[in-house]
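Below you'll find the structure, written out as structure tokens, and then a few comments.
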Protein chains: 2
Amino acid sequence: MGNEFDLIKKIQQKISGINRNHSALIVPPGDDAALLSSLVRPVITTDCQRQNVHFRLDWQSPEEIGFKAAVVTLSDLAASYAQPVCLFVNLTIPEGISELTLLQLYDGLCEALTLYPCALGGGNISSGSELSLDLFAMGEGSSLLFPLRSKALLGQGLYVTGPLGLARAGLDALERGLTDVPDLIRFFKRPRPRFDAADILLKKHISCVMDISDGLAGDAHHLAEASNIAIRFEIQTSFMPDILKEYCQRFNLSPLEMTLAGGEDYELLFTCEESVFQTINKDLPGAFKVGTCLEFQGTRILNPPLSAHSFVHTVGD
Amino acid sequence: MGNEFDLIKKIQQKISGINRNHSALIVPPGDDAALLSSLVRPVITTDCQRQNVHFRLDWQSPEEIGFKAAVVTLSDLAASYAQPVCLFVNLTIPEGISELTLLQLYDGLCEALTLYPCALGGGNISSGSELSLDLFAMGEGSSLLFPLRSKALLGQGLYVTGPLGLARAGLDALERGLTDVPDLIRFFKRPRPRFDAADILLKKHISCVMDISDGLAGDAHHLAEASNIAIRFEIQTSFMPDILKEYCQRFNLSPLEMTLAGGEDYELLFTCEESVFQTINKDLPGAFKVGTCLEFQGTRILNPPLSAHSFVHTVGD
């Protein structure tokens, strides 16, 4: 690899392209710190993507890795009803990685930040034993509401904004070396942050929201704990996508376990009254019920389904 | 190590202690994102500290590693005339590291954030092959001025706010396994962000400032490039601390090379007219001249001194 400072210059050129249409950055990368436009309700989230933990270079192109890294970070802004403002990226570079690979990684980041408009504020580059991205996103929160996972109320239903388990099935397909299920693999490689769904939930004043990154079972447990309630899962197989059921049938897997334990779907998990959900469902036809919020009496999940456990991030061997 | 979520809870408890006196965090860590109080001039910087690149576990205690990680990140805020608001930390944890070590790391972070008041906004924890911290700091910029490294003017002097080379000498002592120079080693282990010096420079409207993290030679080169000028170094040995000269004599090292190439001093580098410097010097008696800003005619550094090169972060073997 060439000189670190040469690489930084090339990255800065790329970044200046993506930032041309953003007014968020008053002083762009290049100095000790960046200066942003005023933020009334600064919303901050961090995430990371590590080689052989979250991605594999033999499974994903550098563009795909960069794209997904940006999207999974922005997803937390969506789950907080915040509009993206600026993303910062710290890069850890192992020896032997080419400058081209790193620039392609930034192409992926830039693609995501064009789709979900957000400035790219630079970051830090250092050496390390594995390729790794640490991402830090800033957003502008809604003036109406900052949703919390602690706001679930007894008797409310627990809902998700869209299908679950597809990213896990895509990961499974990659692990098996399959090439005939590109649609499934795409769910793993190119998740989408549900800013569209968040807009609808915000309009209905839904106050208990989080994104599903670890898997429904684990994330529902977090929500139950924060809200001091218990959850009873109620998942109808009719809401499981055919593509998931077919894949599970082919390899004798449980679509319910995929739905509960599979992570990285980045759909939003929320609670509300049944009548409110009916109105939401009109605008979000893909949303469906996954459970009910009940009184806590010693157990957070009342019907722990199968051997479902939270998705542990490890795509390595 | 125990469960990741148990560790997160213990860290959140520690963080809540440090945050009790801060009004910056409206929604503290625990949800998908944190919500901060309004920022009129949000200043953002990122940094990282990686095992065997920036620190070694056999040289530094976990507290020292955490303390330094916070300080070197805050230093960029000082160099930008910003007051610290909130620090976020992403942690990469290798197998076999104890929970106690990680909690001690947070003790060090908390110590720094008590000394240089700043909230701790949480972050991300994931596994990896080496211990690593990625830090994101947010500050509130000054209403008077945002300093840039591109603001140096022809004819101005180039100055630093305090002694250079001491952290490099401390690192050298660690590499030699010395135990009889704790004062020098302390400069490497416990740098200080120069918020005090920044206040004085801001009052004098100094508009070209950066911190010295890579070493004077390298950082002056960045400043010269950004300002499209050239630098002639003029460093009087009388400004080199006795402790540095004595150490260099003992091991036949060049104190000038330590001053120029040694990094991690975190003093501020700035340019101004000689007459302005005289008034600054009264409040900052440790400040001194290191060069002059001249016209660029093909070379950024007019008298490349000795074999001095920028400090390369590698404390490993």
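The values are calculated or read from the model by the stated rules, or taken from the named source; none is laboratory data. Just so you know, these numbers come straight off a predicted model, no measurement behind them. Because the Cβ atoms are built from the backbone with ideal geometry, glycine has one as well, and the counts that use them run over all protein chains shown. Each accessible area value is taken on the protein alone, full model and side chains, heavy atoms only, with ligands, DNA and RNA left out. Shrake-Rupley method; radii C 1.70, N 1.55, O 1.52, S 1.80 Å.
Structure notes:
- Dividing the helix sum by the residues of chain B, where each DSSP H run of 4 or more adds -39500 (n - 2.57), gives a mean residue ellipticity at 222 nm of -11000 deg cm²/dmol.
- Set of lysines near residue B:282 by C-alpha distance (under 20 Å), chain-local residues within fewer than 8 positions excluded: B:203, B:204
- With both labels modelled 7 Å from their Cα along Cα-to-Cβ, the residue B:9 to residue B:299 distance reads 6.5 nm.
- For a straight C-alpha distance cut-off of 13 angstrom, the aspartates and glutamates reachable from residue B:9 (same-chain residues fewer than eight places away being disregarded) are A:225, B:31, B:99.
- When residue A:286 is represented by a point 7 angstrom out along its Cα-to-C-beta vector, the spacings to that point in the other copies are 5.7 nm, nearest first.
- Under the simplified labelling scheme, the residue B:202-residue A:143 pair shows an inter-label distance of 2.9 nm, with each label point 7 Å from Cα along Cα→Cβ.
- Averaged per residue, the stretch B:1-113 has 34 square angstrom of accessible surface, using a 1.4 angstrom probe with ligands and nucleic acids left out.
- GluC sites (Glu not before Pro) within the stretch A:25-132, DSSP loop, no more than 10 other Cβ atoms inside 10 Å: A:95
- In the protein assembly as shown, a dipole from Cβ-located charges (positive for Lys and Arg, negative for Asp and Glu) runs towards its positive end, and of A:103, B:62, B:239 it is B:239 whose Cα lies farthest in that direction.
- Per-residue mean of foreign Cβ neighbours for B:77-88 is 2 (Cβ atoms of other chains, 10 Å radius).
- Accessible area of residue B:142 in the full protein assembly, 1.4 Å probe (Å², nearest 10): 20 Å²
- Surface share of carbon and sulfur [accessible, 1.4 angstrom probe, percent] for chain B: 50 percent
- Using the Stokes-Einstein relation with a Kirkwood hydrodynamic radius computed over Cα pairs, the translational diffusion coefficient of the stretch A:14-68 at 25 °C and a viscosity of 0.890 mPa s comes to 173 µm²/s.
- The distance linking the stretch B:157-233 with the stretch A:256-298 is 54 Å (Cα centroid to Cα centroid, whole angstrom).
- Chain lengthening between residue B:26 and residue B:99 when straightened (0.36 nm per residue, less Cα-Cα): 23.5 nm
- Using a 7 Å Cα-to-Cβ projection, residue B:254 label spacings across copies, nm, ascending: 7.0
- Stretchable slack from residue B:251 to residue B:186, in nm (0.36 nm times residue separation minus alpha-carbon distance): 21.5 nm
- Cα gyration tensor shape for the stretch B:100-256, rounded if a/c is under 1.5, else prolate or oblate: oblate
- Delta accessible area of at least 50 Å² on complex formation, residues of the stretch A:26-63, 1.4 Å probe, chain isolated as reference: A:31, A:32, A:33, A:35, A:42, A:44, A:46, A:50
- On a per residue basis, the stretch A:129-276 carries 37 Å² of accessible surface, using protein heavy atoms and a 1.4 Å probe.
- Stokes-Einstein D for the protein assembly as shown, Kirkwood Rh over Cα pairs, 37 °C, 0.692 mPa s (µm²/s): 128 µm²/s
- Here the label points at residue A:115 and residue B:234, each 7 Å from Cα along the C-beta direction, are separated by 5.7 nm in the simple model.
- Distance between the stretch A:54-118 and the stretch B:49-87 - C-alpha centres, whole angstrom: 25 Å
- For the peptide A:144-151, the mean number of other protein chain Cβ atoms found within 10 angstrom of a residue's Cβ is 3.
- Those trypsin sites (Lys or Arg not before Pro) in the stretch A:150-188 that DSSP places in a loop and that have at most 13 other beta carbons within 10 Å: A:176
- With a cut-off of 11 Å between beta carbons, the residues surrounding residue A:220 carry a summed charge of 0, where Lys and Arg count +1 and Asp and Glu -1.
- Cβ charges +1 (Lys, Arg) and -1 (Asp, Glu), total dipole of chain A, debye: 660 debye
- Candidate lysines - alpha carbon under 26 Å from residue A:14, same-chain residues fewer than 8 apart omitted: A:68, A:189, B:151
- Estimated translational D of chain A in µm²/s (Stokes, Kirkwood radius over Cα pairs; 25 °C; 0.890 mPa s): 120 µm²/s
- Relative contact order for chain A: 23 percent, from Cα pairs under 8 Å spaced at least 6 residues apart, divided by residue count.
- Residue-wise HN-Hα couplings along the stretch A:213-221, as the Karplus relation 6.51 cos²θ - 1.76 cosθ + 1.60 with θ = phi - 60° gives them from phi, are 10, 8, x, 4, 4, x, 6, 5, 4 Hz; Gly and Pro carry x.
- Calculated label separations, residue B:199, copies of the chain, 7 Å along the beta-carbon direction, nm: 4.8
- Springs join every pair of Cα atoms under 10 Å in this Gaussian network model of chain B, and among B:28, B:285, B:191 the largest mean-square fluctuation is at B:285.
- Interface size, chains A and B: roughly 4000 Å² of accessible area buried, both sides included, 1.4 Å probe, rounded to the nearest 100.
- In order along the stretch B:39-53, phi translates into HN-Hα couplings of 10, 6, 10, x, 10, 10, 9, 10, 8, 8, 9, 10, 4, 6, 10 Hz, rounded to whole numbers, per the Karplus curve 6.51 cos²θ - 1.76 cosθ + 1.60 with θ = phi - 60° and x for Gly and Pro.
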